[in-house]
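A.B. asks: Below you will find the structure I want to go over with you.
Values quoted throughout were computed directly from the atomic coordinates according to the rules given, and no laboratory measurement underlies them. For clarity, every value in this text was computed on a predicted model and none was experimentally measured. Reconstructed Cβ throughout: ideal geometry from the backbone, glycine too, with neighbour counts over all protein chains shown.
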Amino acid sequence: MRCPKCESEFETFTYENVEVDRCTSCGGIWFDALEKENLMLIQGAERIDIGDKRVGKKYNEMQDINCPKCEVKMLRMADKTQFHIEYEFCPTCLSTFFDAGEFKDLNELTFGERFKKMVDIWLSVR
């Protein structure tokens with residue numbers, strides 16, 4: 001399978017029993033359905049994101065990409081907690097693509113993001 005952004009090959013490896021595909025050139029990470037969610041439950045999983053975030057920022061500007069599995073146009077999504085993190089989502093196979101640095105950022109909440117999350121939880125239990 002080839003990277004939807006730079007068209008380089010992916011390397012496949014396993015982290016805590018979850019198979020992950022990472023681009024050998026731009027460092028983007030491909031998650032099949034539910035792989036990202038499974039990794040988010042594992043402390044330290046952000047270590048799989050070894051790509052240069054400056055390169056990721058450059059590739060994040062690419063808008064129209066197709067899913068390398070389905071050939072369907074991927075949708076641009078923003079994380080529900082951290083709106084500055086934008087990733088691509090395939091509506092057919094439910095896979096996601098994160099540019100280098102985005103998965104690491106997703107796992108590292110800033111003080112403001114932690115505070116907002118605490119307030120949201122507090123408001124939901126009232």
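A.B. asks: At a Förster distance of 22 Å, what's the computed FRET efficiency of Asp52 paired with Asp79, Cβ-Cβ distance as r, to 0.05? Numbers along the way, then the final one.
C.D. replies: Numbers: r = 20 Å, r/R0 = 0.93.
In this case the efficiency is close to 0.60.
A.B. asks: What ranking of Asp21, Asp52, Asp99, Asp79 emerges when the number of other C-beta atoms within 10 Å of each C-beta is taken as an exposure proxy, fewest first?
C.D. replies: Listed from fewest to most nearby Cβ atoms, that is Asp52, Asp79, Asp21, Asp99.
A.B. asks: Sort Ile29, Ile85 so that the residue with the fewest other Cβ atoms within 10 Å of its own Cβ comes first and the one with the most comes last.
C.D. replies: The order, fewest Cβ neighbours first, is Ile85, Ile29.
A.B. asks: Just one of (i) 16.2; (ii) 18.5; (iii) 15.1 is Kirkwood radius over Cα pairs in Å calculated from these coordinates, so which is it?
C.D. replies: (iii)
A.B. asks: Could you tally the net charge around Lys73, taking each other residue with its Cβ under 11 Å from the Cβ of Lys73, Lys/Arg +1 and Asp/Glu -1?
C.D. replies: -2
A.B. asks: For segment 1-109, state which chymotrypsin sites (Phe, Trp or Tyr not before Pro) are in a DSSP loop and have at most 16 other beta carbons lying within 10 Å of their beta carbon.
C.D. replies: Details: sites: Phe10, Phe13, Tyr15, Trp30, Phe31, Tyr59, Phe83, Tyr87, Phe89, Phe97, Phe98, Phe103; in loops: Phe83.
Sparse-neighbourhood loop chymotrypsin sites (Phe, Trp or Tyr not before Pro): Phe83.
A.B. asks: May I ask you to list the aspartates and glutamates whose Cα is less than 18 Å away from that of Lys73, ignoring any residue fewer than eight positions away on the same chain?
C.D. replies: Glu7, Asp32, Glu61, Asp64, Glu86, Glu88, Asp99
A.B. asks: For Leu41 and Ser124, calculate 0.36 nm times their separation in residues minus their Cα-Cα distance, and state this gained length in nm to one decimal. Before the final figure, lay out the partial values.
C.D. replies: On the way: separation 83, 0.36 × 83 = 29.88 nm, distance 2.18 nm.
Extending this stretch completely gives an extra 27.7 nm.
A.B. asks: Additional query: Which order do Ile65, Ile48 fall in if you start with the one that has the fewest other Cβ atoms within 10 Å?
C.D. replies: Details: Ile65 16, Ile48 19.
So the ranking, lowest neighbour count to highest, is Ile65, Ile48.
A.B. asks: How charged is the neighbourhood of Cys23? Take every other residue with its Cβ under 11 Å from the Cβ of Cys23, and add Lys/Arg as +1 and Asp/Glu as -1.
C.D. replies: -2
A.B. asks: With θ set to phi - 60° and the Karplus curve 6.51 cos²θ - 1.76 cosθ + 1.60, what are the ³J(HN,Hα) couplings of segment 96-104 in order, to the nearest whole Hz, using x for Gly and Pro?
C.D. replies: Couplings: 10, 10, 10, 5, 3, x, 6, 5, 4 Hz.
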